[in-house]
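Here is the structure we will look at.
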Amino acid sequence: MYRLEDLNLVQQEAVRHKDGPLLILAGAGSGKTRVLTYRIAHLIAQGIEPWEILAITFTNKAAQEMRERVGFLVGSEGRGLWISTFHSACVRILRREIDNLPGYTRDFVIYDSSDQQTIIKTCLKECNLDEKKFQVRAVGAVISDAKNKLLDCDNFEQQAADYFQRQIAKVYRAYQKRLKNSNALDFDDLIMLAVLVFRQNPEILGRYQKRFHYILIDEYQDTNYAQYSLVKLLASQYRNLCVVGDDDQSVYGWRGADVKNILDFERDYPEAKVLKLEQNYRSTQTILEAANCVVSNNEKRKEKLLWTKNPKGQPLVFYVADDERDEAKYVTERIQFLHNSGRPYNDFAVLYRTNAQSRVLEERLMKEGIPYRIFSGHKFYERMEIKDVLAYLRLLSNPADKVNFARILNVPKRGLGGTSLARVMEYAEEQNMPVLEVVSEADYIPDLRPKARKSVLAFALLMQGLKEFADKEMSVTTIVEEILDRTGYRNLLIADDSPESQARLENLAEFLSVASEYDLKAQSRQDEDEFGMGFIPGLSGFLEHVALVAETDQIDQQEAAVVLMTMHSVKGLEFPVVFIVGMEEGIFPGTRSQLEPELIEEERRLCYVALTRAREKVYLCYAGQRMLYGRRQYNLRSRFLEEIPYNLLEEKDPSGEPPGRQYRKPKFMELRSRVSAPGVHVSAFGSPARKLGTPLVENAQEEFLVGEKILHDKFGQGIIMGVTGKGRQVVLTINFQGQLKQIATEYVNLTKLKTKESD
């Protein structure tokens, strides 16, 4: 049973609010999950039926945590409650409603990113486009962005503004045709087609609107246009929409998230009540002050100020490294020192802006024998042997699945190469038949050699037997075992007896564990409501479950190892001690973002996210020079460091020093003793902590601003990173697409460029 007395006053107000739109601005570590679960429990206690409540979050892990917490609060009274991710919710809707769209059936399969890339490669060849000029990932990103904006092939083609986009429009059309022919959807289709079903079928939309009287959306700042549209459609009848989020943690603009969705909530719902959760339960006051100071430099944000009853804590520790190797050495020495002082290795997280920065850190950790985990390699479900088994399962579930058919036709090897595959595929296109049916007609496939024909017929017989078995069997574990046995896949790995094959066998054993866990859940959750939204047992439900698993859902924070990950990946997690490395202009913020105010604001929000992952201690590292992407870079320290007040930073760790570590004091650090003017705090580097665009110095002829864009006759467009000197002796430090140049204004003509803010 829940007790409102367990919440602070603002949290209680959020829970008690019943009818009408509600915007909860929940700062980092402010207990938003508790508020959401208590709100659901309170609605049920007020007489709202569980099946009238829809709660949406972004990851399976978050959804599972919310289910467990609500279950603890209300017990069996929560039966029928729908807590789901956006994608899972749309899968449930489409399983019931997709046949209202021409050309789709309910037994569709969901393609993952590698499946998508396979199809895009084929489409590029079909459109006679060079993969070097039209990179598969880049094309996939453009198509994904179009779908997030609800642009179908026709709409995208109409909006194509240049040659590149017009060619991608052709690829998009070919890609979508191949998906449809395979009765397959990609991740972006799940939401786009759900919106399409609702828009084209008002009576279907009406049924779902009537069902969901109360809708709760978590992490609303991360929604894209398609998700925003879906929510708006579902909530338009009752308008009992509660969204929870933090505009200061909106960091996924590169994948379609639009911070305007949360900033403009009151425009969409003028009657909305707005509450701010500002009390933080995670971090020290010092960490929160640093995070507040950084993010307050953003112009487009809702005003809020995190505070805590936790101890003030130690200053943030700042280290100036000679280069990336010195930085890695410092991080590992500090981790080992703190570990020897009693901290377990899983207390530590090392965060970086890009995956490329992890290599030197990994090498140093290995050298020192420090256990670590890194989240940038192959995900479990993308490993070869797992993809092979999943391909068999998907083909059994959907006989029209050409991508997975192509993957397993010669796995294990059956003497069937690319030519035989092409013959089969061509025949399937000509006859308009599912590929799994075509193989049984191998005798009629033109130009197929006798040996290949025999192998294709043997494959057809194998798959026919597996299909008959899978159609009768509800246990996914048993189906997987049957595939491994009948295909000979497992025996081949056993016979090979190499370390690599042994590792693959271990991965297959782990996959069987996943299947077994799913079967156990199926035994206790076979109830489905009238909308077909309950737990789906059997193969189709399992394939959905696997398709919707996110990488961060697999993180085990109990494992005794240091965590290495990007700042984007760490969102939603927390650690006692956090290292943030690469605090340099050109890296964080990145070069591309420096020319766009909106991108700089997102980078600053990312810094805020990274800082607020820490409970007790933060280390900030900056290298004077760095080898990255094959070239030596000399970068200025990050502007985000300049935005942290001097009294919150310390170059010597209050926790003590590792034996033998000699600290040098950089010259600019000596300026820390400078007394700041009233109302102006001084950064750790001696300069006033200021917002981007504050004048540093006035030239007799021109005033130059940090962050201002300029055009140089030779070097092109750049952004001013620093200004020194007076009068005619002004020297600008300018970033020209990653290359820093010092320009004396007396001898060079520079053209100022307008920014979006000044337009």
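The values are calculated or read from the model by the stated rules, or taken from the named source; none is laboratory data. Here the structure is a predicted model, which is why all the values come from computation and not from measurement. Glycine gets a Cβ as well: all are built from the backbone with ideal geometry, and neighbour counts include every protein chain shown. To get the accessible areas, we keep the full protein, side chains included, count just its heavy atoms, and leave off ligands, DNA and RNA. Shrake-Rupley method; radii C 1.70, N 1.55, O 1.52, S 1.80 Å.
Summary of computed values
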item	result
With Cα atoms, 0 to 90° folded angle of helix 324-340 axis to the chain main axis	80
Fraction of beta bridges assigned by DSSP in the chain that are antiparallel (%, nearest 5)	35
Extension gain from residue 711 to residue 305, taking 0.36 nm per residue of separation minus the Cα-Cα distance	142.3 nm
Degrees separating the helix 163-181 axis from the principal Cα axis of the chain, which is the longest one	40
Low-density loop cleavage sites - GluC sites (Glu not before Pro) in segment 93-186, where at most 16 other Cβ are within 10 Å (DSSP)	131
Coil-residue trypsin sites (Lys or Arg not before Pro) of segment 1-55, DSSP, other Cβ within 10 Å capped at 14	3, 18
Cleavage-rule hits, chymotrypsin sites (Phe, Trp or Tyr not before Pro), segment 177-285, DSSP coil, Cβ neighbours within 10 Å at most 12	none
Accessible-area composition of segment 418-506, carbon plus sulfur, in percent [1.4 Å probe]	49
For segment 284-390, diffusion coefficient by Stokes-Einstein and Kirkwood Rh (Cα), 4 °C, 1.567 mPa s, µm²/s	75
Potential extension, residue 495-residue 655 segment - 0.36 nm per residue separation minus Cα distance	52.2 nm
222 nm mean residue ellipticity, helices alone, for the chain (DSSP H n ≥ 4; -39,500 (n - 2.57); rounded to 500)	-13000 deg cm²/dmol
Surrounding net charge for residue 399, when Lys and Arg each add one and Asp and Glu each subtract one, Cβ distance under 12 Å	-1
Per residue value of the accessible surface for the chain (all protein chains in place, 1.4 Å probe), Å²	45
Pairs of lysine residues in segment 350-459 - Cα separation under 27 Å, sequence separation of 8 or more or cross-chain	12
Accessible-area composition of segment 139-296, carbon plus sulfur, in percent [1.4 Å probe]	49
